[in-house]
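Let me begin by presenting the structure, written as structure tokens, before commenting on it.
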Amino acid sequence: MKKLIFSAVATIFIFANCLSQDVITKKTSEDIKAKVLEVTATEIKYKKFENQDGPTFTLLKAEVLIIRYENGSKDVFNETQNTLNINTSTSDMAFKGKQDATANYKGKHSGAGWTAATAIVLSPVFALIPALGCSLSEPSDNNLKYKEPELMKNSTYNQAYTEQAHKIKKKKVWTNYGIGSGVWVLLILLL
């Protein structure tokens with residue numbers, strides 16, 4: 001029994017390590033899986049995660065919204081922070097809504113943990129029920145964690161913020177479903 005528990009814990013750490021990478025999110029909402037090498041005053045140097053022996057790429061800092069590092073920390077590049085008001089143009093409000101959701105919404109209380117637990121304890125087939133249920137529902141207003149309630153009164157900002165938070169929630173739920181399913185398969189193979 002101790003060997004089984006040790007194997008399950010080891011598997012979880014292996015899966016977590018396999019998924020560990022830096023993620024650079026550009027202002028165009030494009031995510032780049034990378035290993036960030038250096039952040040200077042004007043640019044970011046990185047290697048693509050899938051080819052870390054390959055060439056070094058450079059992005060202008062002005063093109064980047066956020067860098068989420070493998071250790072959980074993040075750098076947010078928000079030159080326009082506190083300069084927008086409720087009357088800003090529609091496209092600026094939508095951009096700011098997405099940007100703020102990426103920076104503030106963490107996906108807590110998304111059901112992702114329960115999805116992974118269901119996959120491990122019962123099976124991936126049963127875990128589809130909470131995975132689908134959680135990923136189809138938008139995050140509740142209590143969990144959005146927006147910092148500027150005044151901006152949420154703007155319908156464009158609110159919609160963009162909520163849509164981006166929903167994307168983050170879906171990604172977290174399905175990632176945890178995959179991890180839980182992988183652990184379940186490994187446990188079946190070990191037993």
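The values are calculated or read from the model by the stated rules, or taken from the named source; none is laboratory data. Computed from a predicted structure; not experimentally measured. Every residue, glycine as well, gets a Cβ built from its backbone with ideal geometry; the counts of neighbours run over all protein chains shown. Protein only, heavy atoms only, side chains kept; ligands, DNA and RNA dropped before computing areas. Shrake-Rupley method; radii C 1.70, N 1.55, O 1.52, S 1.80 Å.
Descriptive notes on the structure:
- Flag for LYS172 being in contact (Cβ under 8 Å) with a residue 60 or more places away in the chain and under 21 Å from THR28 (Cα atoms): yes
- Entirely in segment 74-191, the helices (runs of 4 or more DSSP H) that have 1 or more residues that are acidic (Asp, Glu), over 26 Å from ASP22 (Cα atoms) and out of contact with any Cys (no Cβ under 9 Å at 6 or more places or on another chain): 90-104
- Scanning segment 128-149 for residues that are aliphatic (A, V, I, L, M), open to solvent by less than 70 Å² (accessible area, probe 1.4 Å) and over 15 Å from the mean Cα position of the chain (by Cα) yields LEU128, ALA131.
- Filtered by the rule that a residue be within 17 Å of ALA112 (Cβ to Cβ), in contact with a helix residue (DSSP H, G or I) (Cβ under 8 Å, 6 or more places away or on another chain) and among the charged types (D, E, K, R), segment 151-170 gives LYS169, LYS170.
- Inside segment 3-50, residues that are at pLDDT 60 or above and either open to solvent by 60 Å² or more (accessible area, probe 1.4 Å) or not acidic (Asp, Glu) (or both) make up a count of 31.
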